[in-house]
Amino acid sequence: MSNNDKPRADATRVVSAGRRKEWTAGVVNTPVWRASTILYDTVAEMRERVGETHHRLFYGRRGTPTQWSLAEALTELEPGAEGTFLYPSGVAAIAAALLSVLSPGDELLLVDSAYDPTRSMASGLLKRMGIKTRFYDPLIGAGIADLIGEDTKAIFLESPGSLTFEVQDVPAIVTAARARGVTTLLDNTWATPLLFPAIAHGVDLTILACTKYVVGHSDVMLGSVTAAPGHFTRLRDTSFQLGQVASPDDAWLGARGLRTMAIRLQQHQASALKIAHWLKEQAEVAAVLHPALPDCPGHEHFARDFKGSSGLFSFVLQGGSDDARSALIDGLELFGIGYSWGGFESLAIPTDPQRYRSVTRRADAGPVVRLQIGLEDADDLIADLAAGLARFRAAS
Ligand SMILES: *Cc1c(COP(=O)(O)O)cnc(C)c1O
């Protein structure tokens, strides 16, 4: 039931992965094993277990079959990966991955389009620890080689970028990193391993905010890091030292979500593409920032490397004020106004990408709106957005 060798399609893997018989014990999905204390039969058994770290009950912080099952499933979705560790949020996963690689005096190269809390971690926690960060243009590609210096220890990628969706040339960056012994980390939350198998593309540590598509129902915080061979032991040891543990209840909800992730992503993709193409035709819209559209920066990398697109993208309004944008968003009936994404329901938020940039400039024609396209009917969502654009026009 658990191996990476058989040539199975993703839709099959998300259903079967991680469901070892000894963990499911006769039911379909691994049950919730809640534990702090683990009981041993003898002192000798207790002593013997101390050195074991893998898939043996030891103490609640080291997990139970519930967490192991989801972690193994995520590993199976990344061909070539060695192992996965779970975290209580996506940001906790990013922190553990970075801390497993970086030490005082090291330099991190961080993509300028990274998720804002990742940027804050670099300019706050990492800086305080004596780790320098240099931001780089998401479209730098092989040019990253010129930025790699004596102290450069890690390159952090996020593709497509948060808010603006530039698609990075991951193979070119990974090749340049490998040539200099630099570790690569990728925030793969948008694509998930189903649309971009990161380890197979040469990434060393791939990170998911499972809060988004893995959970899929907007009700759990959860993160994961999946490591290429040679990187897992240090990731796990660092995570143990940090005291990281995802709760069994949350891991169970993550596994439940995972079973439908392939089919949910298909619908997110289809509806988001339909809406993106419709938006592109509207007079009030200056640009649609969606990796699958040919004018998206880095689209050629998307077309070459990705197996499909997901449900999150942005659009730029043609002129208009912040108030006019609020009029558009406030009156939407089917889109919630809220952070996060990847659930079954649609969301819309205002965003001002230039505020989160250090080395790249944006010259957007107007305010930007980010959409998470949920599982509602796409035509209903289009009608809702059409009314929103009419409010924007009236308020401009
Ligand atoms: C939401 C998000 C995260 C953080 O995940 P949390 O579970 O909210 O901590 C990381 N990266 C990206 C791209 C995200 O959208």
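The values are calculated or read from the model by the stated rules, or taken from the named source; none is laboratory data. Being a predicted model, the structure only gives us computed values, none of them experimental. So basically every Cβ, Gly included, is an ideal-geometry build from the backbone, and we count neighbours across all protein chains shown. Ligands, DNA and RNA are stripped out before the accessible areas are found, and what is left, the full protein with its side chains, is counted by its heavy atoms. Shrake-Rupley method; radii C 1.70, N 1.55, O 1.52, S 1.80 Å.
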Is it true that some residue in the range 266-278 is touching a residue at least 60 places away in the same chain (Cβ under 8 Å), under 16 Å from Leu74 (Cβ atoms), assigned to a helix (DSSP H, G or I) and open to solvent by less than 60 Å² (accessible area, probe 1.4 Å)?
-> no
For the range 214-226, the count of residues that are more than 7 Å from the ligand (Cβ to nearest atom), farther than 14 Å from Leu265 by Cβ and crowded, with 24+ Cβ neighbours inside 10 Å equals 3
Go through (1) without any contact (Cβ under 8 Å) to a residue 12 or more places away in the chain; (2) out of contact with any helix residue (DSSP H, G or I) (no Cβ under 9 Å at 6 or more places or on another chain); (3) open to solvent by less than 60 Å² (accessible area, probe 1.4 Å); (4) away from the ligand (no atom under 16 Å from the Cβ) and name the single condition Gly143 misses.
-> (2)
Give the range 227-244 a look and list any residue that's within 16 Å of the ligand (Cβ to nearest atom) and surrounded by fewer than 22 Cβ atoms within 10 Å (Cβ to Cβ), or say none.
-> Leu242, Gln244
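Conditions tested, residue by residue: (1) open to solvent by 20 Å² or more (accessible area, probe 1.4 Å); (2) more than 22 Å from the chain's Cα centre (by Cα).
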residue: Phe306; (1), (2): yes, no
residue: Ser314; (1), (2): no, no
residue: Gly320; (1), (2): yes, yes
residue: Gln354; (1), (2): yes, no
residue: Arg362; (1), (2): yes, yes
residue: Leu371; (1), (2): no, no
Collect the residues in the range 192-213 that are aliphatic (A, V, I, L, M) and either surrounded by fewer than 21 Cβ atoms within 10 Å (Cβ to Cβ) or more than 10 Å from the ligand (Cβ to nearest atom) (or both), keeping them in residue-number order.
-> Leu194, Leu195, Ala198, Ile199, Ala200, Val203, Leu205
Over the range 112-127, the set of residues surrounded by fewer than 20 Cβ atoms within 10 Å (Cβ to Cβ), polar (S, T, N, Q) and within 12 Å of the ligand (Cβ to nearest atom) is Ser120
Test: residue in the range 302-316 that is of a type in the set (Gly, Ala, Ser) and under 23 Å from Ser396 (Cβ atoms) | yes
Report the residue count in the range 146-176 for those that are closer than 30 Å to Ala9 by Cα and away from the ligand (no atom under 16 Å from the Cβ).
-> 6
Being over 16 Å from Gly143 (Cβ atoms) and either open to solvent by 10 Å² or more (accessible area, probe 1.4 Å) or among the β-branched types (Val, Ile, Thr) (or both) is the filter here, so list the residues in the range 159-169 that pass it.
-> Ser162, Leu163, Thr164
Kindly list, by first and then second residue, each pair from a residue in the range 209-236 that is acidic (Asp, Glu) to a residue that is open to solvent by 10 Å² or more (accessible area, probe 1.4 Å) and within 14 Å of the ligand (Cβ to nearest atom), limited to pairs with Cβ atoms under 8 Å and residues at least 6 apart or on different chains.
-> Asp219/Leu253
Tell me, which residue of the range 91-111 that is away from the ligand (no atom under 14 Å from the Cβ) and either assigned to a helix (DSSP H, G or I) or not hydrophobic (A, V, I, L, M, F, W, C) (or both) is least open to solvent (accessible area, probe 1.4 Å)?
-> Ser100
If you go through the range 46-90 one residue at a time, how many are closer than 22 Å to Ala35 by Cα, touching a residue at least 60 places away in the same chain (Cβ under 8 Å), open to solvent by 20 Å² or more (accessible area, probe 1.4 Å) and more than 16 Å from the ligand (Cβ to nearest atom)?
-> 4
All helices (runs of 4 or more DSSP H) inside the range 1-59 with 1 or more residues being at pLDDT below 90 | 43-49
Failed item in (1) assigned to a loop (DSSP other than H, G, I, E, B); (2) at pLDDT 95 or above; (3) of a type in the set (A, V, I, L, M, F, W, C), with Val359 passing the rest = (2)
